[in-house]
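Engineer: Quick one: this structure, given as structure tokens, is what I'll be asking you about.
The values are calculated or read from the model by the stated rules, or taken from the named source; none is laboratory data. Owing to the predicted nature of the structure, the values given are computational and were not obtained by experimental measurement. FYI the Cβ positions are ideal-geometry reconstructions off the backbone, even for glycines, and counts take in every protein chain you see.
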């Protein structure tokens, strides 16, 4: 299980990678491992501004469905079309490449100061033990 140093993490197992005033959000390697094989990702909040810790979508595995929480406040600019059933339809990318092609949404940051509240790789590693 890996937790890249260049990402920030939430206690709810989302990660965020900041690139200027935009960021990519996904779920961690730990989270995908706990959920098992992902079969569906739903994000119907594109174009909306979602507050920190609010739900922006769901991931569905064979045995369970889990909410996705925004690590920081932001406007959802894009849903990864590789995961979308109407386009690439490959939610399994989250299982095989959670920090690369398995990103879920691209967001425009509303309050970059909220990044300070997130965990670094060492703190997240300690959380999941």
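Engineer: Do the conditions hold for residue 84, that is, is it at pLDDT 95 or above, surrounded by 15 or more Cβ atoms within 10 Å (Cβ to Cβ) and part of a loop (DSSP other than H, G, I, E, B)?
Structural biologist: no
Engineer: Is it the case that some residue within the stretch 87-94 is in contact with a strand residue (DSSP E or B) (Cβ under 7 Å, 6 or more places away or on another chain), buried (at least 18 other Cβ atoms within 10 Å of the Cβ), touching a residue at least 24 places away in the same chain (Cβ under 8 Å) and in a helix (DSSP H, G or I)?
Structural biologist: Looking through the stretch 87-94, at least one residue is in contact with a strand residue (DSSP E or B) (Cβ under 7 Å, 6 or more places away or on another chain), buried (at least 18 other Cβ atoms within 10 Å of the Cβ), touching a residue at least 24 places away in the same chain (Cβ under 8 Å) and in a helix (DSSP H, G or I).
Engineer: If residue 125 satisfies all but one of (1) within 15 Å of residue 27 (Cα to Cα); (2) over 14 Å from the mean Cα position of the chain (by Cα); (3) crowded, with 19+ Cβ neighbours inside 10 Å, what's the number of the condition it fails?
Structural biologist: Evaluating residue 125 over (1) within 15 Å of residue 27 (Cα to Cα); (2) over 14 Å from the mean Cα position of the chain (by Cα); (3) crowded, with 19+ Cβ neighbours inside 10 Å leaves (3) as the failure.
Engineer: Further question on the same structure: Please verify whether residue 52 is at pLDDT 95 or above and either in contact with a helix residue (DSSP H, G or I) (Cβ under 6 Å, 6 or more places away or on another chain) or surrounded by fewer than 19 Cβ atoms within 10 Å (Cβ to Cβ) (or both), treating the condition exactly as stated.
Structural biologist: yes
Engineer: Would you check if there is a residue in the stretch 4-19 being at pLDDT below 95, loosely packed, with under 13 Cβ neighbours inside 10 Å and over 19 Å from residue 58 (Cβ atoms)?
Structural biologist: No, there is no match, as no residue in the stretch 4-19 is at pLDDT below 95, loosely packed, with under 13 Cβ neighbours inside 10 Å and over 19 Å from residue 58 (Cβ atoms).
Engineer: Assuming residue 71 fulfils every condition listed in (1) assigned to a loop (DSSP other than H, G, I, E, B); (2) without any contact (Cβ under 8 Å) to a residue 60 or more places away in the chain; (3) more than 20 Å from residue 1 (Cα to Cα); (4) under 14 Å from the mean Cα position of the chain (by Cα) apart from one, which condition is it?
Structural biologist: Failed condition: (2).
Engineer: Right, next: Touching a strand residue (DSSP E or B) at 6+ places or on another chain (Cβ under 8 Å) and more than 14 Å from residue 70 (Cα to Cα), is that true of residue 129?
Structural biologist: So residue 129 does not fit the description; no.
Engineer: Residues that are more than 18 Å from residue 128 (Cβ to Cβ) and under 10 Å from the mean Cα position of the chain (by Cα): does the stretch 8-15 have at least one?
Structural biologist: Among the residues of the stretch 8-15, not one is more than 18 Å from residue 128 (Cβ to Cβ) and under 10 Å from the mean Cα position of the chain (by Cα), which makes the answer no.
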